[in-house]
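Q: This structure is in C-alpha cells; I'll ask about it shortly.
The values are calculated or read from the model by the stated rules, or taken from the named source; none is laboratory data. Please read all numbers here as calculations on a predicted model, not as lab measurements. Positions of Cβ are backbone-derived with ideal geometry, glycine not excepted, and every protein chain shown enters the neighbour counts. Protein only, heavy atoms only, side chains kept; ligands, DNA and RNA dropped before computing areas. Shrake-Rupley method; radii C 1.70, N 1.55, O 1.52, S 1.80 Å.
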Amino acid sequence: MSAEDEVLDVVDEQDRVIGQAPRGEVYARGLIHRCAFIQVRDAQGRIFVHRRTPTKLVFPSLYDMFVGGVVGAGESYDAAALREAEEELGVSGLAQPVPVFTFLYDSGGVAGKWWSAVYEVRCDLPVRPQAEEVAWHAFLTDEELTARLGEWEWVPDGLAAHQRLLAQRGR
C-alpha cells in the first residue's frame, strides 16, 4: 500500500473523529487529521535532527527536529508515537514516548490542518534511520540546533512544535 492509500481518521476542530479517508484525499481536501511528533534525545541529551527525503508527500527535503508522522485510522496517539519513532529511527524496544502537549496546526492552506501530539523520548540504542524517510541525520546539542534554525529550511509544523516546547519550558 502506498502512503497516499493509508487510511486516516478525519477529525474536527475539537479532535473528535468524524470519518475516515485515504491520506492522499485527506491532504488534497485539506481535512483535519492527527499526527505524532516525537523529540528524541540520546544519552548525552542531544536532539535527533534529520532532513526528510525528497519523496515525502508533505515538506519534502526539509529539516526536522522531530520524528513522527500521521496517526492511522483507529490508532491512538501513543501507539502512533512509539510506532513512528521506532520506524524512523530504525530501532526496536524503544521506551514509550512521554506525551507533552497537543495543538492544532494550521499550514495556512499548504496542506490543511492537523492535530499534533508532541512527545519526548530518550534513545540509547544505535539508530539506523529509515532510508525512505530520512536523507541525513545527526544528534545536535540544543545550542547547535538553535544555531541552525536560521540557516536550514525546517518543516513548519515541527518548527511550530519546537517553539511551543521551548515556551512551555520557559526558554
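For (1) open to solvent by 40 Å² or more (accessible area, probe 1.4 Å); (2) assigned to a strand (DSSP E or B); (3) within 28 Å of Val10 (Cβ to Cβ), each residue gets a yes or a no:
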residue: Arg83; (1), (2), (3): yes, no, yes
residue: Glu86; (1), (2), (3): yes, no, yes
residue: Ala111; (1), (2), (3): no, no, yes
residue: Ala117; (1), (2), (3): no, yes, yes
residue: Ala138; (1), (2), (3): no, yes, no
residue: Thr146; (1), (2), (3): yes, no, no
residue: Gly150; (1), (2), (3): yes, no, no
residue: Gly158; (1), (2), (3): no, no, yes
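Q: To continue, here is another question. Taking segment 7-62 as the region of interest, how many residues are part of a loop (DSSP other than H, G, I, E, B) and of a type in the set (A, V, I, L, M)?
A: 6
Q: How many residues are among the hydrophobic types (A, V, I, L, M, F, W, C) and assigned to a strand (DSSP E or B) when one looks only at segment 89-109?
A: The total comes to 5.
Q: Same structure again: Can you name the residue in segment 29-69 that is under 19 Å from Gln14 (Cβ atoms) and modelled with pLDDT of 95 or more and is also most open to solvent (accessible area, probe 1.4 Å) among such residues?
A: Out of the qualifying residues, it is Arg34.
Q: Related question: If a residue must be in a loop (DSSP other than H, G, I, E, B) and in contact with a helix residue (DSSP H, G or I) (Cβ under 6 Å, 6 or more places away or on another chain), how many such residues does segment 63-81 contain?
A: Residues that pass the stated criteria total 3.
Q: Consider Ile18 carefully, then state whether it is open to solvent by 30 Å² or more (accessible area, probe 1.4 Å) and modelled with pLDDT of 95 or more.
A: When the stated conditions are applied, Ile18 passes them.
Q: Given (1) over 21 Å from Gly30 (Cβ atoms); (2) at pLDDT 95 or above; (3) under 13 Å from the mean Cα position of the chain (by Cα), identify the lone condition not met by Ala117.
A: (1)
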